[in-house]
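Remarks on the structure that follows.
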Amino acid sequence: MCTVVVQVPADPSHPVRLLAVRDEDPSRAWDPVGPWWPTTHPGVVGVRDRRAGGAWLAADDDERRLAVILNRADVLADDVPAESRGRIVLDAVAGVPPTGVPPTHGFNLVDVSGGRVRISMWDAATLRTVRLAPGTHMIAHDDVDDPRTARIRRWLDAFAAAAPELEARGDLRPWLDVLQDTAATAATDDEAIIRDNRPSGIPTLSLLVCTASIRPDGIDLEYGALDVPGEWNRPEMA
């Protein structure tokens, strides 16, 4: 039940801005942003899932591509065998988006390339793809900007209102300020972005935050882990 906020510029010479919060089982080990795939994906950095070896988020500075994946509700039973979704991220950042029938559980894939943002949505029955119009967008476990998702309904306008400051400052600090404001909401509340999903029967909590500016001349990617899963502490971004 991760959350991604993205600002798509009207002028493609301006950067795409992205903020991503990862929710995962804290017992599932991960590695912070680094070049974890030097043989298969040289030049790619990202957050690696140690168990399956794929990525939650990955970026290729030379190609100006970034991809991040979110779990999505699907029609498969939880115990149905399925491949890891982390390889989808590495394929996308290599310029190969998902097609056909992905052999995985449901996902929402945010794929940034060339100043454009594409969302691929798979519910284990149908794969849909949309390109985002200029403006501020938010996605979690349902559709883009979906008012059925409580956190989107509650916080999208706040991120949109802060978006002009991103350009003025040249960084993502205004969105981190909004994220900090959201942490006043209890982590178990449906409107929360910094989350504890265990009361819903899902063993995941918010673990880390990534911010990115994907510019025509490169990518600024920063990472910060929360000190305590599911509890906001304004992590040091680096």
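With the structure loaded, tell me whether Val89 is in contact with a Leu (Cβ under 6 Å, 6 or more places away or on another chain), surrounded by 19 or more Cβ atoms within 10 Å (Cβ to Cβ) and not in a loop (DSSP other than H, G, I, E, B) or whether it fails that test. In short, no.
Per-residue answers, yes or no, for (1) modelled with pLDDT under 95; (2) in a strand (DSSP E or B):
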residue: Ala161; (1), (2): no, no
residue: Asp171; (1), (2): yes, no
residue: Gln180; (1), (2): no, no
residue: Ile202; (1), (2): yes, no
residue: Leu208; (1), (2): no, yes
residue: Ser213; (1), (2): no, yes
residue: Leu221; (1), (2): no, yes
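Of the residues making up the range 139-153, not one is under 15 Å from Asp123 (Cβ atoms), outside any loop (DSSP other than H, G, I, E, B) and over 15 Å from the mean Cα position of the chain (by Cα). Within the range 75-83, is there a residue that is under 17 Å from the mean Cα position of the chain (by Cα) and either closer than 24 Å to Arg195 by Cβ or hydrophobic (A, V, I, L, M, F, W, C) (or both)? No, that holds for no residue.
Scanning the range 186-226 for residues that are in contact (Cβ under 8 Å) with a residue 60 or more places away in the chain and at positive phi returns a single hit, Gly218.
Scanning for something of a type in the set (A, V, I, L, M) and surrounded by fewer than 21 Cβ atoms within 10 Å (Cβ to Cβ), does the range 53-71 turn up at least one residue? If you could, list the steps in order and put the result at the bottom.
In the first step, residues of the range 53-71 are kept if they are of a type in the set (A, V, I, L, M); the result is 55, 57-59, 66-70.
So of that shortlist, the ones also surrounded by fewer than 21 Cβ atoms within 10 Å (Cβ to Cβ) come out as none.
No, the range 53-71 contains no residue that is of a type in the set (A, V, I, L, M) and surrounded by fewer than 21 Cβ atoms within 10 Å (Cβ to Cβ).
The values are calculated or read from the model by the stated rules, or taken from the named source; none is laboratory data. Note that the structure is predicted; figures quoted are calculated from it, not measured. Counting neighbours? That spans all protein chains shown, and the Cβs are built from the backbone with ideal geometry, glycine included.
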